[in-house]
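Values in this text are rule-based calculations from the coordinates and carry no lab data. The structure displayed is predicted, hence computed values, not measured ones. Cβ: placed from backbone, ideal geometry, glycine included. Neighbour counts: every protein chain shown.
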Amino acid sequence: MFRAATVSLAAIAVSLAIASPGHSAVTFGDGLGVPNAAIVPYSCGRHCTLATTTSPEHLPQFRAPIAGTILRWRIEAGSDSTTQKLSLRVLAPKDNGRFAGAGTSASTPLPAGAGTFSFATRLPVRAGDFIGVNSQGGALDAMAVEEESISVFAPPPIDFGAAVLGVHQNFALLVNADIAKPPTSSALPGCRTSGDLLVRVTVDSDPSVAPSALHVRIDGGTWKVVRLHGRSGTARIALRSGRHTLSYWGQDSLGQRESHHHRIRATVAGHRVCV
């Protein structure tokens, strides 16, 4: 049941932008920390998954704007919140308002007391997915708003299906998550006399993510993994004299693979390489 903790009303604050240094590039969900908000502790009274899924006007703000990997997630807890273990769940929307379970993070204790708490994870997410919190029956904070609603689902490992305990109108769960973008790669254009073709792998700005490898295929041969040099993630590819066709894609330290496979042509004459 809901128990009102304050009486002032505030609009929900949502972050969906380039984050500050030290954070992943994209944050989605509730902005947290809204002053004078109407906060209520909510519990489904049993082991369940809670998610903000219904929002006629603001629905896109509660869905992952890009595909990637969730690096960390946060939840706001008030003094009435019950100490318990929580985990983050990814909800993939299906037809007819149903959902499928797309991933669950490791379970982690919610510290006692009030505050905004952050938890590290490595959880793949696709564009358009929702996030929910798996609760073992304790209370979590929600905020009274006009547009959003909380849906209640069965806990893991049961698939989501339809909401098992209904939808609670005019409340939003206080949770958000950071997404690391997949890597990109590009060959340095122009001509060089080093004798090597240079390809740079660029990853998300979060300091916990680094370039890992470049996958390369030369003239239709087998795919090979090329080691990268430095934080800039530059691969040096040695080529014989002549004209070559190369395909390549990058990978980061999270295991994320670049979805686009590049295809370029290079000409080598002695130590001169031109793209």
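Test of understanding: ordering Phe153, Phe117 by Cβ neighbours within 10 Å, fewest first, what list do you get?
Phe117, Phe153
First measure r as the distance between the Cβ atoms of His47 and Arg236, then evaluate 1/(1 + (r/R0)^6) with R0 = 45 Å and state the FRET efficiency to the nearest 0.05. Each step should come with its number before you reach the end.
Numbers: r = 53 Å, r/R0 = 1.18.
So the FRET efficiency works out to roughly 0.25.
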